[in-house]
Structures are given as structure tokens and as C-alpha cells.
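Report on one structure; see the data block that follows.
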Amino acid sequence: MDWMVGLQNRDGGWPTFCRGWGHLPFDRSGNDLTAHAIRAVHKWIARLELASEPNPDEARGRYGTAVESRFDFARAFAYLAHTQRPDGSWVPLWFGNQYVPNDENPTYGTVRVLAAYRDLAMMDTEPAKCGIAWLLANQNPDGGWGGGSGTPSSIEETALALDVLVEAGPGKADAVNKGIALLVEKVEHGGLSHPTPIGFYFAKLWYYEKLYPLIFTVSALGRVRKSIQPRTTPV
């Protein structure tokens, strides 16, 4: 965790492997990478009280304060707000889509960034609202999502979009329900065994990752299930 906190670039974002000057993909900050770092540190700090320490409060003070004092959440979100496109989307550093101009994947980038806004209860901020609006506007008629506007729906991108929209606030039920219907249909027809090509768009290196359909779908449907479960009063 200490290593990751120290990786933050001067622009407020996170690179892949090492801090840098932004000239190479490896040292350039990425929207998706920055969102991952925000979520990881936030979760780690929030769960320190569960650490196997004789005194959890002392452990939080010893570890949490050190990380919180170095991790600049405000600067990280300022970076994300600055890199958001005028249409409300974010583009990831690594992941692409062959059907999108320039082989980019704004759907992947936008949902990854929105997950950070969601986890820190910031979905009512202007950047998050614009990102949500972009996702809703780019949903395909079949209920799914591809890499961007007018691209074929995939299990991966549909699941990713649902993962953030299910907790994006009121007025999203119709879009979410259509997405769930398509995702379940694809799963029931064996779609989990047919991953969509995704890869390093700037290097034109494409590959099929068999785990992505499984991981993204389980995450999305798990979040959907939690959202519709009746709340029980503790005894």
C-alpha cells in the first residue's frame, strides 16, 4: 500500500508501473488506473478495524494515518475531472475496442472511473452525473453496451455498465432492467465461453481474456442481487 500511494504522478493520476514524465504509456497516468488506486486505498483504510491487531484503533492510527496523510484523494479526483471528455466519458489507458474510432474503449474507462465516484459516495457530483448520462446515452437498442456508441453489445461491457448503473440513483431502472435481461440471455446461451477481444489499443495488440466475462458478470449480477434483496432488521 505504501508503494502504491507513492506512485501517484505529479498530475494527480496513477501510472501502470512507475512514476514518470507522461511520455510513455508505462509512466503516463491513466483514468482507469487512477480509479483503481482510489478504490483500493479507500477500501483499505475503511477496513483497518478488521485487521488482526490486539488494538484495532491503534492499528488504524498507526497504518491509516500514515497512508491518509500521503494519499491525496482531492488531487486524484481533480485529475479525473480534468481528463473527462466534453461528452462525459473517460478513456482508459490500456483497454480498447476494435469497433470504436482510434480503437479506444470509453465504456470501459467511464465505468471504471464511475466505480471510484460510487465507492466514495460522490455520484451526485457533476463529473459523475455527466459520466452516467454518457453511459445511458450509449446503451444499445438491445439493452447492452459495447465499447462506445453504435458498437456491438458484449457481455464484458454490458456487465461493467450495469455494475455502476445499478447504484447510480433513481431514474435508471429501465436501462438497468434492459441490461440485465440481455446479460442473463447471453449467459444462458453460453456467452461466458466467448470473450470479446480487448487489448492494448495503442499497440494494436488484441487478445481474448477468458476470465473477464466471468469476473465482470459475477460482479454485476452480485451487485444487482444485493440491490433487490429485502433489508432485514438485526435481531
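The values are calculated or read from the model by the stated rules, or taken from the named source; none is laboratory data. None of the values given here were measured: they were computed from a predicted structure. We place every Cβ from the backbone using ideal geometry, glycine too, and count neighbours over all the protein chains shown.
What the table below lists for this structure:
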quantity	calculated
Flag if Asn102 is crowded, with 23+ Cβ neighbours inside 10 Å, at pLDDT below 95, more than 12 Å from Ala168 (Cβ to Cβ) and not β-branched (Val, Ile, Thr)	no
Residue that is in contact (Cβ under 8 Å) with a residue 24 or more places away in the chain, assigned by TED's automatic domain parsing to the domain that holds Asp142, in a loop (DSSP other than H, G, I, E, B) and of a type in the set (D, E, K, R), where the choices are Glu209, Glu167, Glu156	Glu167
Among the residues listed as Thr125, Thr107, the single one being more than 19 Å from Arg223 (Cα to Cα) and either surrounded by 24 or more Cβ atoms within 10 Å (Cβ to Cβ) or among the β-branched types (Val, Ile, Thr) (or both)	Thr125
Residue check for Asp87: in contact with a Leu (Cβ under 7 Å, 6 or more places away or on another chain), at pLDDT 95 or above and within 29 Å of Pro197 (Cβ to Cβ)	no
Search result, residues across the range 105-120 that are in contact with a Phe, Trp or Tyr (Cβ under 6 Å, 6 or more places away or on another chain) and not aliphatic (A, V, I, L, M)	Asn105, Thr107, Tyr108, Gly109, Thr110
Flag for Ala133 being among the hydrophobic types (A, V, I, L, M, F, W, C), in a helix (DSSP H, G or I) and buried (at least 17 other Cβ atoms within 10 Å of the Cβ)	no
Of all residues in the range 8-55 being in a loop (DSSP other than H, G, I, E, B), touching a Lys or Arg at 6+ places or on another chain (Cβ under 7 Å) and modelled with pLDDT of 90 or more, the one that is nearest to Phe73 (Cα to Cα)	Gly12
The listed residue being over 24 Å from Pro170 (Cα atoms) and modelled with pLDDT of 70 or more, out of Lys210, Lys226	Lys210
